[in-house]
1. Kindly provide the set of residues from the range 50-84 that are under 22 Å from residue 106 (Cα atoms), open to solvent by 80 Å² or more (accessible area, probe 1.4 Å) and under 28 Å from the mean Cα position of the chain (by Cα), ordered by number.
2. For the range 178-189, does any single residue satisfy the condition of being open to solvent by 40 Å² or more (accessible area, probe 1.4 Å), in contact (Cβ under 8 Å) with a residue 40 or more places away in the chain and within 19 Å of the chain's Cα centre (by Cα)?
3. Please go through the range 16-49 and pick out each residue that is of a type in the set (Asp, Glu) and surrounded by fewer than 19 Cβ atoms within 10 Å (Cβ to Cβ).
4. What number of residues in the range 115-145 are acidic (Asp, Glu), within 30 Å of residue 193 (Cβ to Cβ) and open to solvent by less than 50 Å² (accessible area, probe 1.4 Å)?
5. Would you pick out the residues in the range 194-234 that are among the small types (Gly, Ala, Ser) and open to solvent by less than 40 Å² (accessible area, probe 1.4 Å)?
6. Taking only the range 90-113 into account, find how many residues are assigned to a loop (DSSP other than H, G, I, E, B) and without any contact (Cβ under 8 Å) to a residue 40 or more places away in the chain.
7. With the requirement that a residue be closer than 23 Å to residue 202 by Cβ and without any contact (Cβ under 8 Å) to a residue 60 or more places away in the chain, what does the range 212-230 give you?
8. State all residues of the range 64-89 that are assigned to a helix (DSSP H, G or I) and not small (Gly, Ala, Ser); if no residue qualifies, say none.
Amino acid sequence: MNSFIGENTCFIITDEAERFYFSGERVAEGVLVVSDCEKAYFTDMRYYESAVKKLGKKLKVYPETGDAIKKYIAEKGFVKIGLDYGKITVKEFSEYKKLKVKLFDCASAVAKMRSVKNDAEVENVKKACEITEKAFYETLPLLKVGITESEFKKELVAAYLRYGAEKESFDTIVAFGKGSAIPHYETGDVKLTENCVVLVDTGCVYKGYCSDFTRTLYFGTPDKEFLSVYKAVLSANEIAERKIKEGTSLKTADGFARRILEKAG
């Protein structure tokens, strides 16, 4: 962390996901102040006891009475404050501007820190993936003529919770037939019929870490066009997976797959 936060500098973290990353715990409301030597959490009295219980052994928790953060910053002698400009509200920014210290955007620094996962984080991501896959294959036999997109989605999400996930990592998409061709389709009450494309775009959250899982299926006997497209996408996926190595840029990785699809027409 020291390489990102300089002397007499702190980050003020307001975003829930970023507060979780830096503190390791979820607290409903609050502000986390992070410096190169310590962390301090500020929350109003509604959440103070809960915050102390969750965070008290890791860092100092303060009741936010309106000017507690201002006093803390003055006492610590911070002269520069990093704010995530992509997350903070205009109202919050206006309040911190009154502190008469130098404000700067720390979004890229925070993103860089979060992008490199430690062993515990990797295990949490793996577990989220395992839960997603297990729930998906458990729910798959429910795909029968007459079931609706919403009904299948409900059963899949319920399976996540049974296997220890906190929630969906985003709003699950289940699309039957023509809906499968619409990006970010809104799951509805379309019923499954024979010879129908099924798209499931889903994921779950485990200890704050997400999976993202998309599968395309065919209910019935697929025609030649579907098989041709499916095989092209599968080939692009497999070839890109084999070629991607540590240090490969996103553009290069995209190119591995894109060239296969272009060659397939």
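1. Within the range 50-84, none qualify.
2. Checking the range 178-189: not a single residue is open to solvent by 40 Å² or more (accessible area, probe 1.4 Å), in contact (Cβ under 8 Å) with a residue 40 or more places away in the chain and within 19 Å of the chain's Cα centre (by Cα).
3. First, the residues of the range 16-49 that are of a type in the set (Asp, Glu): 16, 18, 25, 29, 36, 38, 44, 49.
Answer for the range 16-49, where residues must be of a type in the set (Asp, Glu) and surrounded by fewer than 19 Cβ atoms within 10 Å (Cβ to Cβ): 16, 25, 29, 36, 38, 44, 49.
4. If we filter the range 115-145 for residues that are acidic (Asp, Glu), which is where we start, we get 119, 121, 123, 130, 133, 138.
So of that shortlist, the ones also within 30 Å of residue 193 (Cβ to Cβ) come out as 133, 138.
Still in the running and open to solvent by less than 50 Å² (accessible area, probe 1.4 Å): none.
Residues in the range 115-145 being acidic (Asp, Glu), within 30 Å of residue 193 (Cβ to Cβ) and open to solvent by less than 50 Å² (accessible area, probe 1.4 Å): 0 in total.
5. Of the range 194-234, the ones among the small types (Gly, Ala, Ser) are 203, 208, 211, 220, 228, 232.
Residues satisfying the conditions are 203, 208, 211, 232.
6. Here is the first cut: in the range 90-113, the residues assigned to a loop (DSSP other than H, G, I, E, B) are 98-101, 106.
Restricting the remaining residues to those that are without any contact (Cβ under 8 Å) to a residue 40 or more places away in the chain gives 98-101.
Of the residues in the range 90-113, 4 are assigned to a loop (DSSP other than H, G, I, E, B) and without any contact (Cβ under 8 Å) to a residue 40 or more places away in the chain.
7. Within the range 212-230, the first condition is being closer than 23 Å to residue 202 by Cβ, and the residues that meet it are 212-220, 222, 226, 229-230.
Answer for the range 212-230, where residues must be closer than 23 Å to residue 202 by Cβ and without any contact (Cβ under 8 Å) to a residue 60 or more places away in the chain: 212, 214, 216, 218, 220, 222, 226, 229, 230.
8. Restricting attention to the range 64-89, the residues satisfying the condition of being assigned to a helix (DSSP H, G or I) are 68-76.
Once the filter is applied, which keeps residues that are assigned to a helix (DSSP H, G or I) and not small (Gly, Ala, Ser), the range 64-89 yields 69, 70, 71, 72, 73, 75, 76.
The values are calculated or read from the model by the stated rules, or taken from the named source; none is laboratory data. Predicted, not measured: the structure shown is a model, and the values here were computed from it. Cβ atoms come from the backbone with ideal geometry, glycine included; neighbour counts cover every protein chain shown. What goes into the accessible areas is simple: the full protein's heavy atoms, side chains included, and nothing from ligands, DNA or RNA. Shrake-Rupley method; radii C 1.70, N 1.55, O 1.52, S 1.80 Å.
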